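See below for the structure under consideration.
The values are calculated or read from the model by the stated rules, or taken from the named source; none is laboratory data. Just so you know, these numbers come straight off a predicted model, no measurement behind them. All Cβ positions, glycine included, derive from the backbone under ideal geometry; neighbour counts span all protein chains shown. All accessible areas refer to the heavy atoms of the entire protein, side chains included, with ligands and DNA or RNA removed. Shrake-Rupley method; radii C 1.70, N 1.55, O 1.52, S 1.80 Å.
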Amino acid sequence: MSVAVLAFPGSCDDRDALRAVALMGAEPVRVWHADSDLGGAGAVIVPGGFSYGDYLRPGALAALSPAMAAVRELAAAGGPVLGICNGFQVLTEAGLLPGVLRPNAHLQFRFQDVALRVQRESAWLPGVVAGDTLEIPVKHHDGCYFAAPAQLEELDAAGQVLLRYVHNPNGSVENIACVTNAAGNVAGLMPHPEHAVDPLLGSVDGRILLQGLLDQAVAVEAAI
Amino acid sequence: MSTIESTPLHRSLGLTDAEFERIRELLEREPNDFELAVFSLLWSEHCAYKHSRRLLAAFPTTGERVLQGPGENAGVIDVGDGLAVALKVESHNHPSAVEPFQGAATGVGGILRDIFAMGARPIAILDSLRFGELDAERQRHLFARVVEGVGHYGNCVGVANIGGEVEFEAAYEHNCLVNAMCVGVLPADRLQSAGAAGPGNLLVLYGSKTGRDGIGGASVLASQGFEEGSEAKRPSVQIGDPFTGKKLIECTLELLDQGLIVSLQDLGAAGLASSTSEMAASGGVGLDVDLSAVPVREEGMEPFEIMISESQERMAAIVEPSSWDAVAAVCRRWEVDATVIGEVTETGRLRCFHGGEAVGDIPVETLTEAAPRYEVARERPARLVESAAVAEDPATPPEAALRALLAAPGTASRRWVTRQYDQLVGSGTVVRPGGDAAVVRLTPSDRAIAVSLDGNGRRTWLDPRRGGMSAVCEAARNVACTGARPAAVTNCLNFGNPEHADIGYELAEAIGGMADACRALGLPVVSGNVSLYNEHDGRPIPPTPVVGVVGVLDDAALAVRAGFRDEGDVVLLAGAGASALDGSDYQKVILGETAGRIPEPDLGAERDLHAFLAAAAGRRLLRSAHDVGGGGLAVAVAEAAMAGNIGVRVGKVADLFGEGDGRVVISARRADVAALRKLAGPVPLQRLGAVGGGEIAVGPARIALAAAVDLYEGALPRIMEGGA
C-alpha cells in the first residue's frame, strides 16, 4: 500500500509524515504541490507546516493547488484522506471538511502533549472504543476549531466528531479535536499523529490514526 | 551619499581619522564614497572583530573531531557514522532592543543561514535571552515579543527549538540580549566552504530581492551603544520572512544534493559587501560584481545601498557556468529568484560595476586581513573583591527560601517560553527542553547529540575569569548529564564598550577563563560571535559570555533525563565542587543583592565528573542526572522531583542554596550503587537520600510536590498573563 504525502512550499512536517508512513510498513510517496496526480497512492496525508507561508489564511492558497485537485478526486472516490494541523486547515479551506480553524483563543503558538477522548468507534481509530484516551502532541497557532451551532448539531448527530480535547489547548468549540466529512473517509485534526509513532520520542498513540488510514485504503482497494 | 556639514564622511560612517589614513595608504589613493562605505562596514567591530580578534586567539580550536574551526559561516565537527554537525551561536541584541519581534526573528533566520551555508540541514535552535526585571511592563513586552519572534521564525521553517535559557537582571533593561544558536547535520564528506574558486565561475545571488531595509543594520547597530532616541534606528532593523527562509533552506539543500555549488555564503551583516569580500578573501581570488544585475525591491537604489543592504533571506553561491541552467531550474522549482551578478577573477580585487560603470575597486585583503586589530586597554574594575563573603539570612527559614526560589523568575520553569516553540519537528527530539541538555537523534541514525546553551552574567560580573570558566563548565556539564560526551564549543561574547579599560579587562579575563576551561575539558571552540558596545547611556551590561556545547551520544536510547524515576531509587551527589552564596539566586532573591566572589571551578574534577557520567550512562547505571545550578542543591533536588513527578527525601546537607561548578544530583537503583561507586574512581559520591512519596524534603526545607509544581510552573504564566 502506498500513501501520498503532499509537499507544499512551506510544509514542515512532510518529512516526518513520510517517515511515519514507512514506520507503519507502508510505502510513502512524496507528491509535490504542482503535481496533478498522486503517483498511484491509495491514501493521502496532507501534512503540517505553513504552506505558502500561511499567506491570506492558513491553508487558503494550498487548497487551490493542482495536487489538491487530485486529492478531491481520490476523496470523491472514497479514498481515505488525513489532514494534520496545516493539512486540517487546507482540507477545511478546500471544503472537504466542515468548519474552520481560527487563531488560538490565547493568541499564542502552543506546543504540548494533549489528551484526546475518543467519541465513537471508527475506521479511523482501529482497536479503540468510545471513552478511551489518546495522547498526541499539538503545535500550532491557528487551531481553534469553529462551526456554527446548527452545523455542530449536524456533526454530532452524524457522528462526525471523532476526538475531543480533555483539556482544551486552543479554545476549540465543544473541545473538538478531530472531525470527518459526512462520508467518513476524510478526517482532519490539529494534533500530530506522525509525531507519536516512536517510543523513544514519547507516545505511540499516533499509530492508531495512521493504521486507520492504511486499513481504509486497503478496504477501498479490495472493493474496486 | 551626503556628508554631514563639517563632519568628514569617514567619521559619520564610524571610521576614525587613523583608520581613514590607513585606507588611503592601502589604496594608494583617495577612496571614493562607495569604497569608503564598504570599508566602514567591513572594518566595523561586527565584521572585523577589531577589539576582540587578538584575545580570541587564546581559544583552542583544533581537535580530532574538528572538520571546520572558526572563520567560516559555522564550525563543523565529525560525530561518527559518516555524519557531521555544524554549530554556531550569534547575537541579535541591538536589533531586538529596537524591534523585539523582528529583531529576534531575523536573529533566528540569520543563524539558520549560517548553518545551511555549511551544507547542513538545520535540526535544532536554542536561544539565550536576557531582559530587565519583569516587574516593568516594558520588560514583559520585550520578553513576550522576543519569544514570539524566535518562535515565529523557527516554527515556520520547521526547525525544532530545543531549549536555551533566559535570565532577568536590571542591568539588561535598556540592552536586552538575544543570542540564537543553531545546529545542523550533514554528510561528513559534503562540507561546504565560503571560499570562491575558479576564475570564470559565476557569482549567483538567490533568495529575496534587495531593498533599502536594514541598510547598515546589524553592523551599525552592533557597533555602537544606545542612547535615548534609539527609535530613530527603526529603519535599519531587518524584516524577516520565514516562508522565503524555508524555501531557501530546501532549495539550497537540493542544490547541494545535486552537486551544483562550488562555494556558498549567506548574506548577513553588511550584505553583499561582506559576503563578496569574505568569499573572495577566503578563496584567494577576486570578484567582479554587477550591482545593476541585483534584483531590487524599489526604484532608484544607489549602488552603495545595493552593496550594503541587509535585506534578509539571501544567499550567494559560486557555480560553474555549465551548472547555471540546472541551478536556475532548482531555484525556479522552489520559486526562489536566482540571478548571475558577477564572476570570479584572478585579480584579487573586489570590483563593482553599475550600469557598465566602475563604482569601486578594492584589493580584497585590504577589507579583511588588513582590517585594524586593536589591543584593548585593561584595568581591573574596583568592584572585584578577593573572597567569598555571603551568608544565609537567619531570618528566612530554609523552607520559605525554597518556596521563594521555586517561584522566582530566574529559577522557575521555562515552560511558558518553550511551549511557544515546536520542539518535535524532524522526529529527533529524544529529550525535550526543561532538563539539562536536550537530546536530538540524528534520524535515521541511532546516534544523537546533546546540546546546551548557558551563561551567567551575574556570576561573571563578580569574577570575569571564573565566570568564563564556569560558563564552559556548566554548558558541558549539562550535556554530560544526558550521558553524552561533550565534543565542541561555540560561544557568543556579550560585553560593553571595549574601548573602556574595565570592559577590556572583563573581556580579556572572561576569554582567558573560557579558554582554560575548554583546554582542560578537551573542548575545541569551532565558531562564535562577539557582541560589544552593549550599554545604555554609558552603563554597560554585566559581562555575559554565552556558551553552547554539543556532545555526542552513540545511542539515543541511552540518553539520561533529569527527573527521578521510581520509589526507592537512591539519590546521590556526584562531584564535590566548591559552592558559595556569592552571585547565587539565593543572594539575589532572598538577600536582594549581588556581591562577593564566586568559587573557582576545579577543572580537573569537572573533566572527571563528565567522564564518569558518560561511563555510567553507557552502562545504564543512571536513573536520572541533573546539574546543580541556579538555586543550589535544594532547587536541583526539587527540579528532579518535579520532572519525575515523584517525591524525594534528602537528609541533612551542608549547603542548601550555594552555587558552584562540579556537582550533579543523580539517582540509581539500590542494587546499582556499588557498581556506580566502583566506576566513580576519583569522583566523590555522597549519598543524599531516596526517591519516593508525595513530598520534596531537602533537609529542613519541605514542600508538597503539588505545591512545588504550582509555584514552579505557575510563576512565569502568572507574571506574564496574570494566570496559569
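Only residues that are more than 26 Å from B:VAL550 (Cβ to Cβ) and in contact with a strand residue (DSSP E or B) (Cβ under 9 Å, 6 or more places away or on another chain): list them for the stretch B:113-147, please.
B:PHE131, B:GLY132, B:GLU133, B:LEU134, B:GLN139, B:ARG140, B:LEU142, B:PHE143
Could you run through the stretch B:172-197 and say how many residues are under 18 Å from the mean Cα position of the chain (by Cα), more than 14 Å from chain A (Cβ to nearest Cβ) and within 23 Å of B:PHE116 (Cα to Cα)?
So the answer is 7.
Comparison of A:ASP54, A:ASP37 shows that the only residue that is touching a residue at least 12 places away in the same chain (Cβ under 8 Å), at the interface with chain B (Cβ under 10 Å from one of its Cβ atoms) and either of a type in the set (S, T, N, Q) or open to solvent by 10 Å² or more (accessible area, probe 1.4 Å) (or both) is A:ASP54. Listed by position, the helices (runs of 4 or more DSSP H) enclosed by the stretch B:80-171 that each have at least 3 residues that are within 14 Å of chain A (Cβ to nearest Cβ) and within 22 Å of B:SER531 (Cα to Cα) are B:100-116, B:137-157. Just one of the listed residues (B:GLY163, B:GLY151) is out of contact with any Lys or Arg (no Cβ under 6 Å at 6 or more places or on another chain), at pLDDT below 95 and over 30 Å from B:GLY286 (Cβ atoms), and it is B:GLY163. Listed by first and then second residue, the pairs linking a residue in the stretch B:254-271 that is β-branched (Val, Ile, Thr) to a residue that is part of a loop (DSSP other than H, G, I, E, B) and open to solvent by 10 Å² or more (accessible area, probe 1.4 Å), with Cβ atoms under 8 Å apart and 6 or more places separating them unless they lie on different chains, are B:ILE261/B:GLN192; B:VAL262/B:ALA197; B:VAL262/B:GLY198; B:VAL262/B:ASN201; B:VAL262/B:GLU320. Only residues that are more than 12 Å from B:ILE341 (Cβ to Cβ) and either out of contact with any strand residue (DSSP E or B) (no Cβ under 6 Å at 6 or more places or on another chain) or not polar (S, T, N, Q) (or both) were counted across the stretch B:288-310, and they come to 11. Just wondering, is there one or more residues in the stretch B:351-367 that are buried (at least 16 other Cβ atoms within 10 Å of the Cβ) and hydroxyl-bearing (Ser, Thr, Tyr)? Looking for residues that are buried (at least 16 other Cβ atoms within 10 Å of the Cβ) and hydroxyl-bearing (Ser, Thr, Tyr), one finds at least one in the stretch B:351-367, hence yes.
Of the helices (runs of 4 or more DSSP H) that lie entirely inside the stretch B:228-328, those containing 2 or more residues that are touching a Phe, Trp or Tyr at 6+ places or on another chain (Cβ under 8 Å) span B:242-257, B:303-308. For the stretch B:387-403, the condition of being acidic (Asp, Glu) and at pLDDT 95 or above holds for at least one residue. Output yes when any residue across the stretch B:435-442 is open to solvent by 30 Å² or more (accessible area, probe 1.4 Å), under 26 Å from the mean Cα position of the chain (by Cα) and within 14 Å of another protein chain (Cβ to nearest Cβ), and no when none is. No, the conditions are met nowhere in the stretch B:435-442. Checking each residue in the stretch A:171-198 for being closer than 30 Å to A:GLU221 by Cβ, outside any loop (DSSP other than H, G, I, E, B) and not hydrophobic (A, V, I, L, M, F, W, C) picks out A:THR180, A:GLY188, A:PRO193, A:GLU194, A:HIS195. Of the helices (runs of 4 or more DSSP H) lying entirely inside the stretch A:57-170, those containing at least 1 residues that are under 30 Å from B:ARG145 (Cα atoms), touching a residue at least 12 places away in the same chain (Cβ under 8 Å) and open to solvent by 10 Å² or more (accessible area, probe 1.4 Å) are A:86-93. In the stretch B:388-411, is there at least one residue being of a type in the set (D, E, K, R), away from chain A (no Cβ under 14 Å) and part of a loop (DSSP other than H, G, I, E, B)? The answer is yes, given that some residue of the stretch B:388-411 is of a type in the set (D, E, K, R), away from chain A (no Cβ under 14 Å) and part of a loop (DSSP other than H, G, I, E, B).
Just one of (1) under 30 Å from B:LEU553 (Cα atoms); (2) within 14 Å of chain A (Cβ to nearest Cβ) fails for B:TRP334. It is (1). Go through the stretch B:640-678 and give me each residue that's open to solvent by 40 Å² or more (accessible area, probe 1.4 Å), of a type outside the set (A, V, I, L, M, F, W, C) and assigned to a helix (DSSP H, G or I). If the condition is that a residue be open to solvent by 40 Å² or more (accessible area, probe 1.4 Å), of a type outside the set (A, V, I, L, M, F, W, C) and assigned to a helix (DSSP H, G or I), then B:ARG670, B:ARG677, B:LYS678 are the ones that fit.
Of all residue pairs spaced 6 or more apart or on separate chains, those with beta-carbon atoms under 6 Å, a first member in the stretch B:433-448 that is under 7 Å from B:ALA556 (Cβ atoms) and touching a residue at least 24 places away in the same chain (Cβ under 8 Å) and a second member that is surrounded by 24 or more Cβ atoms within 10 Å (Cβ to Cβ) and among the basic types (Lys, Arg) are B:ALA448/B:ARG441. Taking every residue in the stretch B:417-429 that is under 22 Å from B:VAL178 (Cβ atoms) and more than 7 Å from every other protein chain (Cβ to nearest Cβ) and pairing it with any residue that is hydrophobic (A, V, I, L, M, F, W, C) and surrounded by fewer than 24 Cβ atoms within 10 Å (Cβ to Cβ), at least 6 positions away or on another chain, the pairs with Cβ-Cβ distances below 7 Å are B:VAL417/B:VAL166.
Looking only at residues in the stretch B:679-689 that are open to solvent by 60 Å² or more (accessible area, probe 1.4 Å) and within 30 Å of B:ALA401 (Cβ to Cβ), the one that is farthest from the chain's Cα centre (by Cα) is B:ARG687.
Identify all residues within the stretch B:590-602 that are outside any loop (DSSP other than H, G, I, E, B) and surrounded by fewer than 20 Cβ atoms within 10 Å (Cβ to Cβ); write none if there are none.
Of everything in the stretch B:590-602, just one residue is outside any loop (DSSP other than H, G, I, E, B) and surrounded by fewer than 20 Cβ atoms within 10 Å (Cβ to Cβ), namely B:LEU591.
What are the residues in the stretch B:325-335 that are in contact with a strand residue (DSSP E or B) (Cβ under 6 Å, 6 or more places away or on another chain) and open to solvent by 10 Å² or more (accessible area, probe 1.4 Å), if any? Residue satisfying the conditions is B:ALA328 alone. Selection within the stretch B:201-212: residues that are assigned to a loop (DSSP other than H, G, I, E, B) and either open to solvent by less than 30 Å² (accessible area, probe 1.4 Å) or modelled with pLDDT under 50 (or both). The member of this set that is farthest from B:ASP257 (Cα to Cα) is B:GLY211.
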